[in-house]
């Protein structure tokens, strides 16, 4: 079971290249688009947060429990971070963990009634409980700001632009250091999610999906494990929420509504959930489609509705099924012998 | 020949459930398939009624292939299937269960006649017409399932383990009813675990083991075959 | 405290309970027959409301005719759902459920393209004025919902217990394989179930068109309500859905009269959470269709 | 107080009386068989003891502790583990991974250490013990193959290996030889005897294959039509006329 270093590199070189590209994105964007590069960088930041969100949702689905309140858990993270930063001036390195812990609490409360249901009752039950939280945000002016939500959330101070590293964006808004903060947090989250997925707990969650009766008989308390994964997924969703709160600078209940939840489902369904890479492909491809359909955006929901239906009916495995084929294609291309 | 299976085989995914099953069912006879649990008896019945598609071979009804017909159309040809484990409609009354059995019967009058003839076979059901089938005992549910199968006055009845879970007395009652149904000229394919009961009713039998026909022959011959006696009749 | 408006609140609660029953019964029968879980059931409700807006307000049909017409129109959409979404994904409740979310998007975009998003459509009230029967100052328009719902639910009960295909529908809900062995065509039954499901949601929307603001996104709240009612009532039980609809109708009406409508929705969800903890299969959980 | 004692256990499903006040006493280290015709209520009785069904009435006590009505994952923590008549396994995992997952109860690392700590070290003991169990049960050469690719016989053996992986004191086998040919049956019988003799695990099995039960069990309980009909050693049962009449069908058959 031990992996030698060369094996490690063989398996992980694609991930390493992607990280390097992301690390130099601010410079690349600046050279290509100059001032406009800043706007593109925000898009990349939102993309990174969405990747963490999609990956945490994929972890949730390994037990077969597709919740419809994942976006609400992300919203909890966003709201808690915004409140702590705006009203109490707490620095980012505290607001993010505290928000995550609060979200775990809320996830636990939501998971309690849901963990005893299965299938359709679980889906729509999670949707109703999610809406319950959204009603709280709409009703309570303090601290959630009611239906107008919270605005001008102070940016995290990550030192002046250009202090840390050689890029001097010399821009009023220190976009690039927020970008690097996001990148580091996203990579950390993805590594933790990967280790979780391949850990003993990851296997337990997957075995609950394939045969929950067998799990009960070998001593895995299925209800408790479903609650546990709900909280763990909530923890990571909250991270994504905190990142977006800082990036958008303002949030309101409609940012975390049903429409966004369905888009998250589209990313994960189109990408596929069987492997760890599925959601990444889903978010990447769908974000691309989202950008391409910008000119006729009133038809966007229709386009994505058609994409969702056709991918569920015609390609249930999602795009990830293409990985082995494309990997094989590259292998034949490069002619390297098959890695054991 | 009313029904014939020619070298049929059924696969569930990679697992081969049955292999090279060839069976002949002449009109007006009771043919039985006996064998241990998981020998492929139920799979074969489910193949005949179209619930499962064979990967090889042909199923012929009066010489014509019904191999790829949907179950609804197989029933329309006059083949009734009384499934293993009875599968009555639990939250419907006995009468409603019987009405479902006659779903394909068009004329009201024919439905009435079928109902009368079924009540002759199952007098006990006549008094319990309004009761929900789910609240009845195992034996009574078996009667409802058989009665439901008869409601479409079929030419061929596939019975899957009618004696399952019944007390010895109830098994005798069911056996008597099967004889009466046969006496009316209906052809029966009887799948049974209780080899003694099955061989006492049938004219011809097939012994299935792990998906293959191990032995076939007239019922008397099988009864006296010491191999059958040892494994299925428990006499050693 | 406002005891004088008690009869009025009870009246309003009966009206609300009727609408909730109409929408929830549609969802329960679809799920009960072959686990067809429709996430965009709210959109079918919305299309029903637009039927009245188009036929009654634009084309000038009589209101009653527009409401009656909404049943077949939305029923056809239900059958399209069954053919394009539920049949290809049969056996996978999740895939069908997610796909209907996509279908909901499509309906919203089509309606907003054809009839514009702008201001909500105003549908002038066909039965103006109200009644003061038993001190209940409720408009005739709202009161009319109760008899229509009773008639439709009774009609469904009659169909399911007296008509051959209605009984066949119940048979499919209880044991699909045994039903097929009796010659019942499963695909016909699933189409029938979705037609009834669409029809009920459509008529619900049609009745509410003159009362609430008609817009492409009005289905959202009614979807949540239908989901809560179906869970509380017991996933595939129609009597459960009707019972839970009136319970929720009373909770919402009383809480929003004496406090605020959003709190009403919140308490409804809390009630559902409690039922899930105590009896995950719902009040009449084991009853099938 | 015997190792496992079941008193007046009943289980009703609507109108069906699956089990009617059945008593059962199993001593430590015994191989006890439960036989009866198909549909006699054996599997229901089995499911109630292992916690999958709640009993309608009556009690189940294991080593003096009342476990009736407890959740099946609780019961397996107390050392009573069951297998399934269907080939229950995790198809997408290898044989070794299946057994490692089954040792879940014995794994000690918490969630946090699973993420941050070195997983390989934490799993070491489990993986080694799992490999031992697989070797012990003769599945050694299949250790790295995917569970879904195993033959029917091997899949059932994997089911037993997974139950054994939780280090139980009472192993409950649900029709261990169902659907097996004579070769596979002999292997399974040998395996069960080896488990009892070398690991001292008490075995309670449900089966309706007469031959297997007769030469494997120390004592046999016969259940028919939901009630206990007889109990004793294989020889007593073989000549008990009530058993022969009920189980093998009445002699005065209908012919």
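The values are calculated or read from the model by the stated rules, or taken from the named source; none is laboratory data. None of the values given here were measured: they were computed from a predicted structure. Using ideal geometry, Cβ is built from the backbone for each residue, glycine included, and neighbour counts are taken over all protein chains shown.
Of all the residues that make up the range D:178-189, how many are modelled with pLDDT of 85 or more and under 15 Å from the mean Cα position of the chain (by Cα)?
Residues flagged as modelled with pLDDT of 85 or more and under 15 Å from the mean Cα position of the chain (by Cα) within the range D:178-189 amount to 2.
Would you mind telling me which numbered condition in (1) over 18 Å from the mean Cα position of the chain (by Cα); (2) on the phi < 0 side of the Ramachandran plot; (3) within 14 Å of chain D (Cβ to nearest Cβ) residue B:13 fails?
(2)
When only residues in the range B:165-195 that are within 11 Å of chain D (Cβ to nearest Cβ) and under 14 Å from residue B:35 (Cβ atoms) count, which is nearest to the chain's Cα centre (by Cα)?
Among them, the one singled out is B:192.
Among the numbered conditions (1) more than 7 Å from every other protein chain (Cβ to nearest Cβ); (2) surrounded by fewer than 17 Cβ atoms within 10 Å (Cβ to Cβ); (3) closer than 30 Å to residue A:189 by Cβ, tell me where residue D:103 comes up short.
The single condition residue D:103 does not satisfy is (2).
Looking only at the range D:52-61, how many residues end up being touching a residue at least 40 places away in the same chain (Cβ under 8 Å) and touching a helix residue (DSSP H, G or I) at 6+ places or on another chain (Cβ under 7 Å)? Reasoning before the result, please.
If we filter the range D:52-61 for residues that are touching a residue at least 40 places away in the same chain (Cβ under 8 Å), which is where we start, we get D:53, D:55-61.
Those left that are additionally touching a helix residue (DSSP H, G or I) at 6+ places or on another chain (Cβ under 7 Å): D:53, D:55, D:60.
Counting residues in the range D:52-61 that are touching a residue at least 40 places away in the same chain (Cβ under 8 Å) and touching a helix residue (DSSP H, G or I) at 6+ places or on another chain (Cβ under 7 Å) gives 3.
Kindly indicate whether residue D:70 is away from chain B (no Cβ under 14 Å), surrounded by fewer than 23 Cβ atoms within 10 Å (Cβ to Cβ), more than 15 Å from the chain's Cα centre (by Cα) and assigned to a strand (DSSP E or B). Give the derivation first.
Details: away from chain B (no Cβ under 14 Å): yes; surrounded by fewer than 23 Cβ atoms within 10 Å (Cβ to Cβ): yes; more than 15 Å from the chain's Cα centre (by Cα): yes; assigned to a strand (DSSP E or B): no.
Answer is no for this residue.
Which ones in the range D:23-41 are surrounded by 23 or more Cβ atoms within 10 Å (Cβ to Cβ) and closer than 12 Å to residue D:224 by Cα?
D:34, D:35, D:36, D:37, D:40, D:41
Okay, residues lined up against (1) within 26 Å of residue A:122 (Cβ to Cβ); (2) more than 14 Å from chain A (Cβ to nearest Cβ):
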residue	(1), (2)
C:16	no, yes
C:20	yes, no
C:25	yes, yes
C:35	yes, no
C:39	yes, no
C:48	no, yes
C:78	yes, yes
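Examine the range B:124-139 for a residue that is more than 8 Å from chain D (Cβ to nearest Cβ), at pLDDT 90 or above and under 15 Å from the mean Cα position of the chain (by Cα), and state whether such a residue exists.
No.
Kindly check whether there is at least one residue in the range A:21-42 that is at negative phi, part of a helix (DSSP H, G or I), crowded, with 17+ Cβ neighbours inside 10 Å and within 14 Å of another protein chain (Cβ to nearest Cβ).
Within the range A:21-42, not a single residue is at negative phi, part of a helix (DSSP H, G or I), crowded, with 17+ Cβ neighbours inside 10 Å and within 14 Å of another protein chain (Cβ to nearest Cβ).
Report whether or not residue C:97 is crowded, with 19+ Cβ neighbours inside 10 Å and either in contact with a helix residue (DSSP H, G or I) (Cβ under 8 Å, 6 or more places away or on another chain) or assigned to a helix (DSSP H, G or I) (or both).
On the way: crowded, with 19+ Cβ neighbours inside 10 Å: yes; either in contact with a helix residue (DSSP H, G or I) (Cβ under 8 Å, 6 or more places away or on another chain) or assigned to a helix (DSSP H, G or I) (or both): yes.
Here the answer is yes, as residue C:97 does meet what is asked.
If residue C:281 satisfies every condition in (1) outside any helix (DSSP H, G or I); (2) farther than 18 Å from residue C:45 by Cβ; (3) in contact with a helix residue (DSSP H, G or I) (Cβ under 8 Å, 6 or more places away or on another chain) but one, which is the exception?
(3)
Restricting attention to the range D:208-230, report how many residues are at pLDDT 85 or above, under 23 Å from residue D:12 (Cα atoms) and either more than 12 Å from every other protein chain (Cβ to nearest Cβ) or touching a helix residue (DSSP H, G or I) at 6+ places or on another chain (Cβ under 7 Å) (or both).
Counting residues in the range D:208-230 that are at pLDDT 85 or above, under 23 Å from residue D:12 (Cα atoms) and either more than 12 Å from every other protein chain (Cβ to nearest Cβ) or touching a helix residue (DSSP H, G or I) at 6+ places or on another chain (Cβ under 7 Å) (or both) gives 6.
Picking from A:217, A:242, A:207, which residue would you name as being over 17 Å from residue A:115 (Cα atoms) and within 14 Å of chain D (Cβ to nearest Cβ)? Write out each step before concluding.
Working: A:242 fails: within 14 Å of chain D (Cβ to nearest Cβ); A:207 fails: over 17 Å from residue A:115 (Cα atoms).
Step by step, each of A:217, A:242, A:207 is checked, and only A:217 is over 17 Å from residue A:115 (Cα atoms) and within 14 Å of chain D (Cβ to nearest Cβ).
Hey, among B:195, B:175, B:145, which residue is at pLDDT 90 or above, on the phi < 0 side of the Ramachandran plot and in contact with a helix residue (DSSP H, G or I) (Cβ under 7 Å, 6 or more places away or on another chain)? Quick ask: steps written out before the conclusion?
Details: B:195 fails: at pLDDT 90 or above; B:145 fails: in contact with a helix residue (DSSP H, G or I) (Cβ under 7 Å, 6 or more places away or on another chain).
Checking each option against the conditions leaves just B:175.
Residue check: is residue D:158 within 12 Å of chain A (Cβ to nearest Cβ), surrounded by 19 or more Cβ atoms within 10 Å (Cβ to Cβ) and either touching a strand residue (DSSP E or B) at 6+ places or on another chain (Cβ under 6 Å) or in a helix (DSSP H, G or I) (or both)?
Details: within 12 Å of chain A (Cβ to nearest Cβ): yes; surrounded by 19 or more Cβ atoms within 10 Å (Cβ to Cβ): yes; either touching a strand residue (DSSP E or B) at 6+ places or on another chain (Cβ under 6 Å) or in a helix (DSSP H, G or I) (or both): yes.
Answer is yes for this residue.
Would you be able to say whether some residue in the range B:148-156 is touching a helix residue (DSSP H, G or I) at 6+ places or on another chain (Cβ under 8 Å) and over 23 Å from residue C:183 (Cα atoms)?
Looking for residues that are touching a helix residue (DSSP H, G or I) at 6+ places or on another chain (Cβ under 8 Å) and over 23 Å from residue C:183 (Cα atoms), one finds none in the range B:148-156, hence no.
Give the residues of the range B:67-83 that are in a loop (DSSP other than H, G, I, E, B) and either modelled with pLDDT of 95 or more or surrounded by fewer than 20 Cβ atoms within 10 Å (Cβ to Cβ) (or both), sorted by residue number. Show your work before the answer.
Applying the first criterion (in a loop (DSSP other than H, G, I, E, B)) to the range B:67-83 yields B:67-70, B:77-78, B:83.
Once the filter is applied, which keeps residues that are in a loop (DSSP other than H, G, I, E, B) and either modelled with pLDDT of 95 or more or surrounded by fewer than 20 Cβ atoms within 10 Å (Cβ to Cβ) (or both), the range B:67-83 yields B:67, B:68, B:69, B:70, B:77, B:78.
Filter the range D:15-51 down to residues that are in a loop (DSSP other than H, G, I, E, B) and free of Cβ contacts under 8 Å to residues at least 24 places away in the same chain, then give me how many there are. So that I can check it myself, show each step before the final result.
First, the residues of the range D:15-51 that are in a loop (DSSP other than H, G, I, E, B): D:15, D:27-30, D:36-41, D:50-51.
Okay, now just the ones that are also free of Cβ contacts under 8 Å to residues at least 24 places away in the same chain, so D:15, D:39.
Of the residues in that region, 2 qualify.
Determine, yes or no, whether residue C:216 is over 18 Å from residue A:129 (Cα atoms), touching a residue at least 40 places away in the same chain (Cβ under 8 Å) and in contact with a helix residue (DSSP H, G or I) (Cβ under 6 Å, 6 or more places away or on another chain).
Details: over 18 Å from residue A:129 (Cα atoms): yes; touching a residue at least 40 places away in the same chain (Cβ under 8 Å): yes; in contact with a helix residue (DSSP H, G or I) (Cβ under 6 Å, 6 or more places away or on another chain): yes.
The answer is yes for residue C:216.
Residue check, residue B:76 against (1) touching a residue at least 40 places away in the same chain (Cβ under 8 Å); (2) under 17 Å from the mean Cα position of the chain (by Cα), all met but one. Which one?
Exception for residue B:76: condition (1).
Report those strands (runs of 3 or more DSSP E) wholly inside the range B:1-59 carrying at least 2 residues which are within 23 Å of residue B:196 (Cα to Cα). Step through it out loud before you land on a result.
Working: elements: B:3-12, B:15-25, B:30-35.
Per the criteria, B:15-25, B:30-35.
Those residues that are over 21 Å from residue D:168 (Cβ atoms) and either facing another protein chain (nearest Cβ under 8 Å) or crowded, with 18+ Cβ neighbours inside 10 Å (or both), I need them from the range A:189-204; list them, please.
Initially, the range A:189-204 is screened for residues over 21 Å from residue D:168 (Cβ atoms), giving A:189-199, A:201-202.
Result: A:189, A:190, A:192, A:193, A:195, A:196, A:197, A:198, A:199, A:201, A:202.
May I ask you to list pairs of residues, at least six apart or on different chains, whose Cβ atoms are under 7 Å apart, with the first in the range A:290-305 being within 11 Å of chain C (Cβ to nearest Cβ) and the second being assigned to a loop (DSSP other than H, G, I, E, B)?
Within 7 Å, the pairs are A:300/A:293; A:303/A:293.
Would you list the helices (runs of 4 or more DSSP H) that sit entirely within the range C:174-256 and hold 2 or more residues that are at pLDDT below 90 and within 14 Å of another protein chain (Cβ to nearest Cβ)?
C:219-233
Yes/no per residue for (1) out of contact with any helix residue (DSSP H, G or I) (no Cβ under 9 Å at 6 or more places or on another chain); (2) more than 8 Å from every other protein chain (Cβ to nearest Cβ):
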{"residue": "B:86", "(1), (2)": "no, yes"}
{"residue": "B:89", "(1), (2)": "no, no"}
{"residue": "B:104", "(1), (2)": "no, no"}
{"residue": "B:109", "(1), (2)": "yes, yes"}
{"residue": "B:162", "(1), (2)": "no, yes"}
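Could you tell me whether any residue of the range A:177-188 is buried (at least 22 other Cβ atoms within 10 Å of the Cβ), away from every other protein chain (no Cβ under 11 Å), in a helix (DSSP H, G or I) and at pLDDT 85 or above?
Yes, because at least one residue in the range A:177-188 is buried (at least 22 other Cβ atoms within 10 Å of the Cβ), away from every other protein chain (no Cβ under 11 Å), in a helix (DSSP H, G or I) and at pLDDT 85 or above.
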